[in-house]
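Below: one structure, written as structure tokens.
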Amino acid sequence: MDLLLPSFSKPPLSLSPLLYKSKVNGFNHVWRRFLDAFVPEGFPGSVTPDYVPFQVWDSLQGLSTYIRTMLSTQALLSAIGVGEKSATIIGATFQWFLRDLTGMLGGILFTLYQGSNLDSNAKMWRLVADLMNDLGMLMDLLSPLFPSAFIFIVCLGSLSRSFTSVASGATRAALTQHFALQNNAADIAAKEGSQETMATMIGMALGMLLARITTGNPVAIWFSFLSLTMFHMYANYKAVRCLTLDSLNFERSSILLQHFIESGQVLSPKQVSTMEHVLPLWTTLRLSKSAKPLHTNVKLGLRVSTLDHSEMANFLTSAGSFYNEAKYLLVERKGTVSVVVHKDSTAEDILKSYIHALVMVNLTVEQKSLHLECQSWMDKHYESFVQKLKLAGWKAGRLLSHSIIWKAHWSLGEKTD
């Protein structure tokens, strides 16, 4: 008798790829939702190409900062007397109050003297801000070693960090505007906050672990702190070197004009970004034997009341001879060309006056009849120079308005009627 066995058919092979594809799509959806908390909407098309490398290095330097914060805070609390029976609450509170008060006053004074200069030199001040933060942390770590000078050291550290707070916030706003390609500066700022929060949480966790490991071992604490500080400085340098700003300031204008005079061509923002300084100019000029940049001999804004009798006579003569139709005047004084700007001058006039002054500085060594030669150069080449700036990538829409971001805080005493 033959036995009939039931037959089992195999499941359709098409179900397996569909199931796999469904899982992949689900993972991609979750991953995309996670990224939406950290990258701007429309990324990467909604930001400039230098956004990603800058944010990577900026996050790494922030991570090292938060790790070191645990070490410096531990040292500071120890110096104040946390954990000691002899310490009093009122004494610790007073010391903390003096520390914070010094920082607040320092921030106000720094804003007073440098506030208008921060966005025009965003690269430099971004780097300087983090170097000042390193100094502030170093002061906190040193404070337990010098009990008699504790108040002075922690106040100095707080003062240093106050500069960091002002400069970092102001330059971040300028860089956010640079990154925004679709009027999405607010979205970029919000996502940058999320990135910083994530870096903070990771840094605090690693910092607590490091503080626990190095407790009671000064050599390990200092080795860890100095190693992280060196990495922090390197990451900051790489971050600002990634930036390709397409706005004009004193130095970029000087670099562009000097190259145009020599070759007739205009450099792109990418080329200029590799040539401009990211540290204060005085720190690099001492180490370099090359000639000083043109913009160091130009002063944009001059009080007419500061001119003596002979300078005033020359001033009036040049006003009638060379600047009849211009809304600015140039005054050459001891190798420095100063610009007197009319109170009704526009951004176009300010740009033209500054380029005119740079041309005069460039011709100072070669010519004596400066005003005539400079005016001749401006008549022949200025319009061509401006057009080539636009073609080279210096944004035409921002060239004569938002991208002229040098000192525009003219006081009435620095203008002439």
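What to note about this one:
- Derived scalar couplings ³J(HN,Hα) [the range 348-353; Karplus, 6.51 cos²θ - 1.76 cosθ + 1.60; whole Hz; x for Gly, Pro]: 4, 5, 5, 4, 5, 5
- Under Karplus coefficients 6.51, -1.76 and 1.60, residue-wise ³J(HN,Hα) of the range 100-115 in Hz, glycine/proline x: 5, 4, 4, x, 5, 5, x, x, 5, 5, 5, 5, 4, 8, 10, x
- Backbone phi angles across the range 166-183, fed through the Karplus curve with coefficients 6.51, -1.76 and 1.60 (θ = phi - 60°), yield HN-Hα couplings of 5, 5, 5, x, 5, 5, 4, 5, 5, 5, 4, 5, 5, 5, 6, 9, 10, 6 Hz in residue order; Gly and Pro are listed as x.
- For the residue pairs Lys299/Lys334; Lys191/Lys390; Lys327/Lys380; Lys123/Lys334; Lys238/Lys390, the C-alpha atoms sit more than 24 angstrom apart in Lys191/Lys390; Lys123/Lys334; Lys238/Lys390.
- Probe 1.4 Å - accessible area at Lys390, Å² to nearest ten: 70
- Scanning residues 5 or more positions from Tyr328 or on other chains, those with amide H under 5 Å from its amide H are His342, with H placed 1.01 Å from N in the peptide plane.
- Given charges at beta-carbon only (K, R positive; D, E negative), |dipole| of the range 50-242 in Debye: 220
- Calculated P(r) of the range 50-242 - Cα pairs past 20 Å, %: 59
- Share of carbon and sulfur in the accessible area of the range 50-242 stands at 72%, probe radius 1.4 Å.
The values are calculated or read from the model by the stated rules, or taken from the named source; none is laboratory data. The structure presented is a predicted model; accordingly, all values stated were derived computationally and were not measured. Every residue, glycine as well, gets a Cβ built from its backbone with ideal geometry; the counts of neighbours run over all protein chains shown. SASA here: full protein model, heavy atoms, side chains in, ligands and nucleic acids out. Shrake-Rupley method; radii C 1.70, N 1.55, O 1.52, S 1.80 Å.
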